[in-house]
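*Asks:* Quick one: the structure is below, and I'll ask about it shortly.
Readers should treat all values here as calculations from the given coordinates under stated rules, not as data from a laboratory. Since the model is a prediction, treat every value here as computed from it, not as a measurement. Note that we place each Cβ from the backbone using ideal geometry, even for glycine, and neighbour counts take in every protein chain shown.
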Ligand code: NAP
């Protein structure tokens with residue numbers, strides 16, 4: 001039977017690289033995006049060009065109704081879900097905690113934390129053997145920031161990713177006997193658009209000297225860890241937080 005994967009935030013960066021690599025390994029892939037339809041369509045076109053199966057699906061993970069519609073779309077178009085990558089995530093402008101607005105904190109936690117938990121809920125409802133599913137795998141995309149704290153930059157983001165680490169541990173234990181493995185990757189400094197969205201387009205170059213390996217990573221290097229965690233090669237791996245951070 002088909003392996004069916006939903007990658008949230010798959011129009012660009014780590015999500016796009018994960019969608020492409022998973023499609024190469026034979027997954028049918030739902031390529032979720034928030035606003036950038038054109039970029040998502042390009043990911044789908046690249047997958048179809050190698051003979052893979054993919055569909056672009058809009059849905060803002062911060063809105064429960066859109067998440068529900070997204071999962072129903074996957075059910076209808078690709079069949080029973082077997083894997084979820086909770087990748088959609090945002091940073092914000094550099095700020096100290098004593099300058100942060102409530103509005104900023106709501107956005108940070110609505111997208112990065114509640115969005116991931118709601119998506120995992122929908123995946124468990126479909127994949128758990130308790131609910132008649134055939135099992136599956138979830139990978140949450142956390143960040144090395146959960147260990148480092150991101151002081152002076154975005155402590156709120158680091159705190160949101162800390163919540164994702166704890167969520168990964170708890171959910172992994174909760175559904176381990178129901179055929180679902182749950183793991184996280186914690187990327188370090190990765191070359192994607194996210195840094196420009198936080199107002200520091202050259203952030204990777206600025207901080208590369210702090211990385212023991214002396215360079216930023218690529219989206220593909222993160223995708224390789226994610227796709228391994230999804231795969232049967234990781235069949236005894238659950239509740240792991242895998243650092244993909246060049247030693248940082
Ligand atoms: P990116 O290049 O900025 O791409 C973000 C992706 O998420 C886009 O596909 C975007 O869709 C989507 N997205 C944003 N908000 C969304 C929402 N509310 N609902 C659905 N999709 C949404 O980011 P990235 O660097 O690849 O980051 C991916 C993940 O890795 C994030 O969770 C991030 O925190 C984590 N991470 C990144 C780094 C790094 O250095 N890059 C390091 C550690 C962790 P649109 O194209 O439609 O806007």
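*Asks:* With the requirement that a residue be part of a helix (DSSP H, G or I) and under 16 Å from the mean Cα position of the chain (by Cα), what does the range 217-248 give you?
*Replies:* 219, 220, 221, 222, 223, 224, 225, 226, 227, 228, 229, 230
*Asks:* Scanning for something touching a residue at least 60 places away in the same chain (Cβ under 8 Å), more than 10 Å from the ligand (Cβ to nearest atom) and assigned to a helix (DSSP H, G or I), does the range 179-200 turn up at least one residue?
*Replies:* no
*Asks:* From the residues in the range 201-213 that are away from the ligand (no atom under 11 Å from the Cβ) and assigned to a helix (DSSP H, G or I), which one is surrounded by the fewest Cβ atoms within 10 Å (Cβ to Cβ)?
*Replies:* Only one residue tops the list, namely 209.
*Asks:* What are the residues in the range 10-39 that are touching a strand residue (DSSP E or B) at 6+ places or on another chain (Cβ under 6 Å) and more than 7 Å from the ligand (Cβ to nearest atom), if any?
*Replies:* Within the range 10-39, 18, 19, 22, 23, 27, 28, 29, 30, 31 meet the criteria.
*Asks:* Being out of contact with any helix residue (DSSP H, G or I) (no Cβ under 6 Å at 6 or more places or on another chain) and in contact (Cβ under 8 Å) with a residue 12 or more places away in the chain is the requirement here; does residue 121 meet it?
*Replies:* no
*Asks:* If I filter the range 139-155 for residues that are within 19 Å of the chain's Cα centre (by Cα), away from the ligand (no atom under 14 Å from the Cβ) and closer than 26 Å to residue 45 by Cβ, do I get at least one hit?
*Replies:* Scanning the range 139-155 turns up no residue that is within 19 Å of the chain's Cα centre (by Cα), away from the ligand (no atom under 14 Å from the Cβ) and closer than 26 Å to residue 45 by Cβ.
*Asks:* Identify the single condition in (1) out of contact with any strand residue (DSSP E or B) (no Cβ under 7 Å at 6 or more places or on another chain); (2) away from the ligand (no atom under 12 Å from the Cβ) that residue 168 does not satisfy, given that it satisfies every other one.
*Replies:* Going through (1) out of contact with any strand residue (DSSP E or B) (no Cβ under 7 Å at 6 or more places or on another chain); (2) away from the ligand (no atom under 12 Å from the Cβ) one by one, residue 168 breaks only (1).
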